[in-house]
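The structure appears right after this line, and notes come after that.
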Amino acid sequence: MVPTAHYVILSALLFTTGVVGVLVRRNPIIMFMSIELMLNSANLAFVAFARHLRSLDGQVFVFIVMAVAAAEVAVGLAIIVAIFRTRATIDVDELNVMKW
Amino acid sequence: MLSAYFPILVLIVLATGFALGALTLSHVLGPKRPNPAKSEPYECGMRPIGSARQRIPVRFYLIAMLFILFDIEIVFLYPWAIVFDHLGLFGLVEMIVFIAILVVGYVYVWRKGALEWE
Amino acid sequence: MGELIAFVVLGAIAVAAGIAVVVVRNPVHSALFLVVNFFCLAVLFLVLSAEFVAALQVLVYAGAIMVLFLFVIMLLNVAGVFESQRDPLRSQRGLAVCLGLGLLAEVLAIAVSGAARLPSGGGTLPQDFGSPTLVGLLLYSQYVFPFEAVSVLLLIAMVGVVVLTKRSV
Amino acid sequence: MPFDVTELVIAIVKALVVFVALLSIVPVLIWMERKVIADIQIRIGPNRAGPFGLLQPLADAIKLIFKENIITQGADKVVYFFAPAVSMVPAIITFAVVPFGDTAHILGRKVLLQVADVNIGILYILALSSLGVYGIVLAGWSSNNKYSLLGGVRSSAQMISYELPLGLALVGPVLLSGSLSLREMINAQGRAGVWFIVPQFLAFAVYLISGFAETNRAPFDLPEAEQELTAGYHTEYSSFRFALFYMAEYVNMVTVGAVATTIFLGGWRGPFGNIVILQPVWFLVKLFAILYFFIWVRGTLPRLRYDKLMKLGWKVLLPLALLNLMVTATVKALAPQSAIPIMSVLSLVLVAIGVIALTIISARSTRTPASGLREPSAEGAFYTWES
């Protein structure tokens with residue numbers, strides 16, 4: 001059996017990739033995907049700990065996280081579309097005013 | 001538990017092997033005589049006008065987004081359905097509350113015309 | 001042994017795909033690499049005896065969320081709309097990578113030092129651990145409140161999206 | 001993980017058998033479709049290659065594999081190459097959880113006549129069939145062709161829309177059997193003494209209609225509408241790459257039929273069901289009956305207009321599936337012991353409601369001026385929000 005710590009390290013690697021993605025890219029869609037990457041790495045840790053502790057609560061959390069992620073993606077992408085409709089750009093550096 | 005999934009792995013290998021094998025085979029066997037007219041994107045014989053990667057109407061996006069939200073609802077129904085016997089009337093009530101809240105959203109979406117396709 | 005092989009192979013692919021998501025220029029390719037990453041995680045969930053969660057991972061993330069991403073990328077498919085060619089803060093990239101590495105070091109330190117102190121649930125894993133029945137029983141008895149809250153969240157999301165994409169703002 | 005060598009061999013053999021069987025059903029189905037459609041249209045159909053034209057699909061395959069692979073100018077080559085495979089692989093592996101018989105005793109071992117009995121059965125099917133979208137949307141996008149892109153996007157919007165009623169319809173039978181495993185569902189139908197088509201007829205109807213849309217079959221074959229989109233997402237595909245899309249469509253059709261057989265028609269159950277050899281036969285008989293129905297519908301019904309298609313999915317099938325589910329749940333909660341007999345009666349009422357709803361909706365849509373035929377308004381234009 002692979003120790004839980006290994007899974008946590010993998011999760012940390014994926015999480016870091018997501019963080020760097022958010023910091024480096026200026027395309028909000030790719031930033032969004034990086035956030036999904038981070039959420040998923042958290043899910044991996046949840047599932048790994050669920051097995052370690054022999055308790056299913058972690059898996060239920062993952063279920064809820066997925067529902068939240070779905071709602072977040074839908075609204076987030078809707079905001080991107082709305083911004084594009086008014087500004088004709090979605091480069092985050094160009095979006096420096098709070099009104100549109 | 002994991003051993004139950006092993007035959008699926010075998011099937012995945014077979015299916016992937018078949019698909020890629022067939023693609024490669026036809027790539028090897030078929031003639032390769034491209035010319036500009038042949039590799040032009042088909043537009044009823046006309047020279048293609050503009051880029052093909054057009055933007056698609058916002059309707060499609062709205063449909064995909066509503067799909068996600070209702071898909072989550074359905075995903076929640078499956079574990080509920082198989083433990084329904086243990087939950088009894090309580091299970092029915094909690095799901096009625098859940099569905100009722102979502103039906104409010106469904107009616108809103110309908111009334112706002114997001115489901116109309118014009 | 002089998003688990004170790006699966007972990008190493010899938011973990012490597014998952015990390016590589018994750019890096020590709022961040023590095024690749026074409027957003028469609030980025031999205032496809034993210035799908036690869038999700039698949040690896042789904043199989044890892046299976047390995048971790050969370051078969052129900054694994055099915056959800058494919059159904060929700062790969063089957064629904066990523067399709068929406070692809071749609072939006074195609075919806076906004078215009079050259080130059082995504083990222084302008086010039087980068088006003090090129091030095092920022094190095095800084096970002098350094099920050100990321102710092103974060104990684106921090107998390108790794110915690111993981112390694114905490115691994116010894118981690119309490120174990122003890123006992124062997126039940127045969128049907130992670131089956132939909134057990135997860136469902138827990139979700140619909142102990143976690144009723146989050147479950148109902150999800151419905152409110154989905155309702156808000158529906159209203160939000162319709163308002164945001166409606167023609168007359 | 002200790003692994004038994006015999007188990008390993010059995011697993012490989014089972015996977016091989018199903019794989020070969022699926023790939024050999026496809027040409028039979030193609031031949032059958034062409035013959036039945038020809039019959040309906042009072043033609044002869046294929047009759048040159050082999051007796052009764054039986055070898056026609058084989059001849060087609062051989063012809064296609066020797067044709068040139070045309071790569072469109074400006075196509076995304078890698079995605080363009082892999083898209084047919086992406087569409088084919090999920091189609092095949094979805095079938096893995098469908099049982100085609102009970103248990104056989106081979107070499108003193110109990111062998112399940114099913115590739116894999118997993119206890120997330122139905123979720124596995126839903127998860128994999130939701131991946132079918134990728135092959136189509138990627139093919140459409142990578143071809144660098146306007147028709148392909150529109151066809152691909154249309155198709156994927158249609159598929160995800162109908163995934164909802166399809167998923168909802170299957171919750172009813174799950175509720176009655178209390179399990180996601182397809183094997184367990186067949187056993188539940190055996191215990192109840194009645195196929196689930198009786199207590200869940202509305203669910204069956206919704207499932208089948210959604211199945212037509214999921215597999216892009218007539219009358220929902222808009223994505224490949226020849227007249228408007230010149231075959232849609234695979235306009236630019238030639239040679240065996242096209243053949244893979246074509247085969248994937250038929251494999252998907254077989255899977256939809258097999259799932260309907262298993263969940264609603266008792267799967268491999270039939271007279272003399274104890275004889276193991278007969279079980280796959282019963283399964284195939286029911287499967288081909290449903291496939292015949294698919295072909296018959298294609299020969300009979302005209303294609304729906306896209307706005308009507310979306311309306312049917314979102315405004316008729318989705319509420320009907322939900323209604324069926326809630327009625328089933330209520331009956332099951334109030335009378336857990338006699339849920340199936342009560343539902344068998346109630347399903348008639350539900351079907352009546354379904355027919356009425358369908359009539360009202362179609363009457364309303366014929367009264368209003370056909371929106372799809374109007375001059376494209378700002379709302380319908382491609383760049384709705386650009387100006």
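The values are calculated or read from the model by the stated rules, or taken from the named source; none is laboratory data. Computed from a predicted model, the values in this text were never measured in an experiment. FYI the Cβ positions are ideal-geometry reconstructions off the backbone, even for glycines, and counts take in every protein chain you see. Surface accessibility is based on the protein's heavy atoms, side chains included, excluding ligands, DNA and RNA. Shrake-Rupley method; radii C 1.70, N 1.55, O 1.52, S 1.80 Å.
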Worksheet entry | Taking only Cα atoms of the range D:1-125, radius of gyration then Dmax in Å | 19.9, 60
Discussion item. Am I reading the A/C interface right? What is its buried accessible area, both sides, 1.4 Å probe, to the nearest 100 Å²?
Written reply: 7000 Å²
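Based on the Cα atoms of the range D:70-358, what semi-axes does the equivalent ellipsoid have, where each is the square root of 5 times one gyration tensor eigenvalue, given in whole Å with the largest first? Don't jump to the answer; show the numbers that get you there.
On the way: eigenvalues 236, 114, 44 Å².
Semi-axes (√(5λ), whole Å): 34, 24, 15.
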Fill in: Highest-fluctuation residue, C:74, C:158, C:66 considered, GNM on chain C with Cα pairs under 10 Å
C:158
Item to complete: Could you give log10 I(q)/I(0) at q = 0.15, 0.16, 0.20, 0.21 Å⁻¹ for the range D:67-186, computed by the Debye formula over C-alpha point scatterers of equal weight, without solvent?
Response: -0.79, -0.84, -1.05, -1.11
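Work out the mean other chain Cβ neighbour count within 10 Å for the residues of B:97-106 and drop it here as an integer. Before the final figure, lay out the partial values.
Values: counts 4, 7, 5, 1, 8, 7, 5, 5, 9, 7.
What the average comes to for B:97-106 is 6.
Would you kindly give the portion of the calculated P(r) for chain C that falls above 19 Å, as a percent of all Cα pairs? Provide the component values of the computation, followed by the final result.
Numbers: 10673 of 14196 pairs.
Summing the P(r) tail past 19 Å for chain C gives 75 percent.
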Item to complete: Compute the projected area of the convex hull of the Cα atoms of the range A:4-94, averaged over all viewing directions, and report it in nm² to one decimal place.
Response: 5.9 nm²
Discussion item. Do any residues of the range D:325-345 show a loss of at least 10 square angstrom of accessible area between the isolated chain and the full protein assembly, using a 1.4 Å probe, and if so which?
Written reply: D:325, D:326, D:329, D:330, D:332, D:333, D:334
Worksheet item: What ranking of D:359, C:133 comes out by heavy-atom accessible area, probe 1.4 Å, highest first?
Response: D:359, C:133
Worksheet item: By how many degrees, 0 to 90 and rounded to 10, does the Cα axis of helix A:57-87 deviate from the longest principal axis of chain A?
Response: 10 degrees
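Mind checking D:103-116 for the average number of partner chain beta-carbons within 10 Å of each residue's beta-carbon? Numbers along the way, then the final one.
Numbers: counts 0, 0, 0, 0, 0, 0, 0, 0, 0, 2, 0, 1, 6, 9.
That average works out to 1.
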Worksheet item: In Å², what does the accessible area per residue of the range A:4-94 work out to with a 1.4 Å probe?
Response: 26 Å²
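Starting from the Kirkwood Rh over alpha-carbon pairs, what translational D in µm² s⁻¹ does the protein assembly as shown have by Stokes-Einstein at 20 °C and 1.002 mPa s?
Numbers: Rh = 27.2 Å.
This corresponds to a translational diffusion coefficient of 79 µm²/s.
Find the relative contact order for chain D and round it to a whole percent, using C-alpha pairs within less than 8 Å whose residues are 6+ positions apart. Don't jump to the answer; show the numbers that get you there.
Values: 528 pairs, mean separation 77.8, N = 387.
Once divided by the residue count of chain D, the mean separation gives 20 percent.
So how much slack lies between residue D:109 and residue D:349, counting 0.36 nm per residue of separation and subtracting their Cα-Cα distance, in nm? Mind dumping the intermediate values first?
On the way: separation 240, 0.36 × 240 = 86.40 nm, distance 4.70 nm.
Contour length minus Cα-Cα distance gives 81.7 nm.
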